[in-house]
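Have a look at the structure below, then the notes.
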Amino acid sequence: MNPYLDEDLSALAEHARRFADARVASGYLERDRTRVLDRALMREMGEMGFIAPELPEHYGGQGMGSLAAGVIHEAVARADLSLSYINLLASLNGQILAHHARPEIAGPWLQRLTRGEALLAIALTEPRGGSDAASLRLRMERDGDHYVLNGEKTSISAADQADAAVVFARSGSVEAGARGVSALLVPMDLPGITRNRFDCHGQRAIGRGSIFFENVRVPASHLLGKEGEGFVQVMQGFDFSRALIGLQVLAVAQAALDETWEYVAGRQAFGKPLSAFQGVSHPLADFETQVQGARLLCLQTLWLKDRGLPHTAEAAMCKWWAPKLAYDVVHQCLLSFGHGGYDRGVMEQRLRDVLGFQIGDGTAQIMKTIIARTRAGREAVPA
């Protein structure tokens, strides 16, 4: 019994889990090797209603709420964390477009997004400011009916594969800080855009890279919200995505634990199952407890969001705790398999995949500062 998941959500989770086991899990290693995101599989997910189900029906969603997005996201991530980025990016960008884009701009893109026909990136990070997201230098200047973009974004998930990106740029002075940042929806086929791809340790099917803008002209109608409000928009969206990331990496950790329990119960040493030795079973029992607790925190955060209640601190807790915990869990599971775990395969790929979340989408240090500010007050925890 889970206090946050009713019968309908539990049935949805099982439905998504069966799909992921049947269609997603078998290609996990191959997608890592080839670094190719399966667009046909993405369209299948769209046909099943598994992409951004929390969006309103007139935008192609199911109007089901954040918890529905969470349980689907969890099921896909258990089978392939990199592929589950489709869900993560769709929910984060979909929320921004639905709330801040003009309806005539949001409608066609969100319909394509939920059908699995388009992939959207979020372009915030820059070479000189990873955690200092308010210090952006990519420029956007008004020129008649267009904005002109010049600059670079880096470490962007799906940089070389995205069909469009929500791009955050400086429309005011650097001294204005966050108040001088605006957001645009930028199709990636516009003249003046070039992209590359990094050779990262994990999450290789979705990939990361840089996007370069050289006199890129974007229609002014693609402005999201008002000028100078872009930073606030993305920070609100991150409260949602941080809880999703928590479920994403914990699903990987739970899959690793399930397989490791089965292995140590069946493997014999000194005439006993490995699980009979407390040095083997107790670390796994510790992690099983922590994963269950962290998962409940993530579900609680989405439950709060669905009810319009404050959840910024809880979201930050999800983001710093779950990735570190997931890495430690998979590491322990890999060691429990001995030399077989160290060989290239599912377990070592999981370790590489979850590691990146301790870096991207907000470091643990930034998350703890957010938590401290919500508890002690911003003035008591200055920048």
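Neighbour counts of C-beta atoms inside 10 Å place Glu47, Glu348 in the sequence Glu47, Glu348, starting with the fewest.
Comparing Ala90, Met45, Leu124 along the charge dipole axis of the stretch 1-148, the residue lying farthest to the positive side is Leu124, per the Cβ-charge model.
Taking chymotrypsin sites (Phe, Trp or Tyr not before Pro) as exposed when DSSP calls them loop and at most 16 other C-beta atoms lie within 10 angstrom, the chain has its longest site-free stretch at 1-197.
Computed from Cα atoms alone, the Kirkwood hydrodynamic radius reported for the stretch 59-186 is 15.8 Å. Note on the chain: helix-only mean residue ellipticity at 222 nm, from DSSP H runs of 4+ residues weighted -39500 (n - 2.57) and normalised by residue number, equals -16500 deg cm²/dmol.
Using +1 on the beta carbon of Lys and Arg, -1 on that of Asp and Glu, and nothing else charged, what's the dipole of the stretch 7-118 about the Cα centre, debye to 20?
Magnitude of the dipole: close to 400 debye.
Reducing the stretch 98-163 and the stretch 234-259 to their Cα centroids gives an inter-centroid distance of 23 Å.
First check a/c for the stretch 286-343, with a ≥ b ≥ c the square roots of the eigenvalues of its C-alpha gyration tensor; if it is under 1.5, answer rounded, and if not, answer prolate when a/b is larger than b/c or oblate otherwise. It is prolate, given that a/c is not under 1.5 and a/b is the larger ratio.
Taking a ≥ b ≥ c as the square roots of the eigenvalues of the Cα gyration tensor of the stretch 121-228, is the shape rounded (a/c under 1.5), prolate (a/b larger than b/c) or oblate? Oblate, since a/c reaches 1.5 and b/c is not below a/b.
Report D for the chain in µm² per second (integer): Stokes-Einstein, Kirkwood Rh on Cα pairs, 10 °C, 1.306 mPa s. Intermediate values should be presented prior to the final figure.
On the way: Rh = 21.4 Å.
Using the Kirkwood radius from Cα pairs, D works out to 74 µm²/s.
Site pair Asp328 and Asn150 shows an inter-label distance of 4.9 nm when each label is modelled 7 Å from Cα along Cα→Cβ.
Taking the number of Cβ atoms within 10 Å of each Cβ as an exposure proxy, the fewest-first ranking of Asp189, Asp258, Asp80 is Asp189, Asp258, Asp80. Counting neighbouring Cβ atoms within 10 Å and putting the fewest first, the residues Val291, Val36 line up as Val36, Val291. With q set to 0.14 Å⁻¹, the log10 of I(q)/I(0) for the stretch 195-252, from the Debye formula over equal scatterers at the Cα positions, is -0.72. Charging the Cβ of each Asp and Glu at -1 and of each Lys and Arg at +1, and nothing else, the dipole of the chain about its Cα centre rounds to 700 debye. How would the stretch 7-118 be classified by its alpha-carbon gyration tensor: rounded, prolate or oblate, with rounded meaning a/c under 1.5 and the a/b versus b/c comparison settling the rest? Since a/c reaches 1.5 but b/c is at least a/b, the shape of the stretch 7-118 is classed as oblate.
Globularity index of the stretch 226-383 is 1.23 (Cα radius of gyration / 2.2 N^0.38 Å, N = number of residues).
Every number in this text was worked out from the coordinates using simple rules, so none of it is lab data. The shown structure was predicted, so the numbers you read here are calculated from the model rather than taken from an experiment. Cβ sites come from the backbone with ideal geometry, for glycine too, and all protein chains shown count toward neighbours.
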